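Structure first, commentary second.
The values are calculated or read from the model by the stated rules, or taken from the named source; none is laboratory data. These numbers were taken from a predicted model, which means no experiment stands behind them. Here the Cβ positions follow ideal geometry from the backbone for every residue, glycine too, while neighbour counts run over all protein chains shown. For accessibility, only protein heavy atoms count, side chains too; no ligands or nucleic acids. Shrake-Rupley method; radii C 1.70, N 1.55, O 1.52, S 1.80 Å.
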Amino acid sequence: MTILFKRETLVKQIQENSEWDVIVIGGGATGLGVALDATTRGYKTLLLEQVDFAKGTSSKSTKLLHGGVRYLAQGNIDLVKEALYERGLLLKNASHLVSNQSFIIPNYSWWDNLFYAVGLKVYDILAGKLSFGKSTRINKKETTSRLKTIKNEHLKGGTVYHDGQFDDSRLAINIAQTCIEYGAVILNHFKVKQLLKNNNGVVNGVVANDSETNMSYNLKAKVIINATGIFTDEILQMDNVGAKNIVRPSQGIHLVLDKSFLPGNDAIMIPKTDDGRVLFLVPWHNRVIVGTTDTLLNSYSLEPRALNEEVNFIISTANKYLNKKVCKADVLSIYAGLRPLAATKDNSEKTKEISRSHKIIVSNSELITITGGKWTTFRRMAEDTINKAISIGKLPNVSCKTKILQIHGSKESLHNAHHLNIYGSDQDSIQKLIIETPELGEKLHSRLPYRKAEIIWAIRNEMARTVDDILARRVRALFLDAKAAIEIAPLVTSILAKELGKDKLWQQQQIKEFTTIANHYVL
């Protein structure tokens, strides 16, 4: 086991150091980005995540790194330009996880053909030197050749453009590892219960609880950063009981289908559905992800459930464009995520009027909150957050280092069919495990690509502590085939228990907890 990523090593550091420069609450894309920015500038950094890295929204995205064609149509040029720039940096900094994905917009009228061709030329221009490729118009014959399952009745042709695709929770894990390699302490299953303040009412620490040992820690810092996504208001109300809610959760769901529904290499983008939403069909890990919805909710949870009307909307919309009919029995997995949108002043129900730009708030107590944004811009959000801490005098002025920072595992990938490519430079170490112990080369399930060695690797080097950590976010079994994930849970539990020295009772509890979660992913 790499001592660097061992939980005991990390916990020992907080036992020995009660004072930090920066404490980040939240281990999703935003929090991990902030911790990476802080530690690479040389600040003593601690991140605390209540469950697991990317457990919430950050593992439940459409798996796209994109400028947002939708925002371009709304005239939000600055947001699109920023996201396209960040997309380009990520392709360089995490090349093992980020790939160039071609999208085709099928056009069913000559006007659409012209409209999208012109609009996407603007997209190309905004990307500048970091462009993923020029958009082009293609005729009906090429469109049907590349999209074997597209309906060709009334089809005029297509518009091809390029965007980024990635594995969201794998990137989160690799960012966490990078933080640790640069000296930060990054802990999952560690819940912040209370904020500490000095005599002037300034936030100067947290009380946090280790979920595994139930031990509580008082930890002090120069600056506390709230990066908790949909839980933002919970932390703000810890700071000030009367704080108004600033986040409005919007639910997006995705269906995962067999590759036969989109057999080529191209993704499909439907720019305008019946109610104005965008729909994507994207190849991912030899499956097809179809989504997303945009449903405003009044409540939030770690495991949100897809609503029937959302499922029906996606299936009926997909069937308007595909000649291979989708039905509920075809759905291998279904997942729902909550976007932490900044609430509108008038409590509007229109999500398109709620900004995807990020917002940084400094409370009277000097607690810094970062909210909004999206995966694509996580690095920029983090840079802005730490710059804000510097500007209000909480930290010494050191420049940002993350623009050209290689993320753990970064290695030019062939992006071929071999699923171990997503480990980048760690791939050789996993292959070595299999050479040393050949049985670790056995597949976990006939319908999944994953092998036992990946489970061992996740426990020893990727801070996985539960079956859910492993099957949902280290390997993506739960997202690719929920029923298969449930079937292999006992096997994975036994491997995990052996590595962590856990008893039968713990194993039974793990299987029960995972099965409860996984049943939400079965339609």
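Test each condition in (1) closer than 25 Å to residue 6 by Cα; (2) surrounded by fewer than 21 Cβ atoms within 10 Å (Cβ to Cβ) for residue 447 and report the one that comes out false.
(1)
Scan the stretch 124-140 and give yes if some residue there is more than 25 Å from residue 375 (Cα to Cα), among the β-branched types (Val, Ile, Thr) and out of contact with any strand residue (DSSP E or B) (no Cβ under 6 Å at 6 or more places or on another chain), otherwise no.
no
Check 469, 481 and return the single one that is buried (at least 24 other Cβ atoms within 10 Å of the Cβ) and either in contact with a Pro (Cβ under 8 Å, 6 or more places away or on another chain) or of a type in the set (Asp, Glu) (or both).
Being buried (at least 24 other Cβ atoms within 10 Å of the Cβ) and either in contact with a Pro (Cβ under 8 Å, 6 or more places away or on another chain) or of a type in the set (Asp, Glu) (or both) holds for just one of 469, 481, which is 469.
Conditions (1) in contact with a Gly (Cβ under 9 Å, 6 or more places away or on another chain); (2) under 18 Å from residue 217 (Cβ atoms); (3) not charged (D, E, K, R), marked per residue:
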| residue | (1), (2), (3) |
| --- | --- |
| 164 | yes, no, yes |
| 167 | no, no, no |
| 170 | yes, no, no |
| 174 | yes, no, yes |
| 184 | no, yes, yes |
| 187 | yes, yes, yes |
| 193 | no, yes, no |
| 197 | yes, yes, no |
| 200 | no, no, yes |
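Taking the criterion of being at pLDDT 95 or above, open to solvent by less than 40 Å² (accessible area, probe 1.4 Å), over 12 Å from residue 261 (Cβ atoms) and not in a helix (DSSP H, G or I), would at least one residue in the stretch 312-333 satisfy it?
yes
Being in contact with a helix residue (DSSP H, G or I) (Cβ under 7 Å, 6 or more places away or on another chain) and of a type in the set (Ser, Thr, Tyr) is the filter; apply it to the stretch 138-163 and report the residue that is farthest from residue 113 (Cα to Cα).
Checked the stretch 138-163; the qualifying residue farthest from residue 113 (Cα to Cα) is 149.
Of everything in the stretch 167-196, what is within 19 Å of residue 367 (Cβ to Cβ), open to solvent by less than 20 Å² (accessible area, probe 1.4 Å) and of a type in the set (A, V, I, L, M)? Give them in sequence order.
192, 195
Please find, among 448, 414, the residue that is at pLDDT below 95 and of a type in the set (A, V, I, L, M, F, W, C).
Of the residues listed, the single one that is at pLDDT below 95 and of a type in the set (A, V, I, L, M, F, W, C) is 414.
Given the condition surrounded by fewer than 22 Cβ atoms within 10 Å (Cβ to Cβ) and of a type in the set (Phe, Trp, Tyr), answer yes or no: does some residue in the stretch 49-68 qualify?
no
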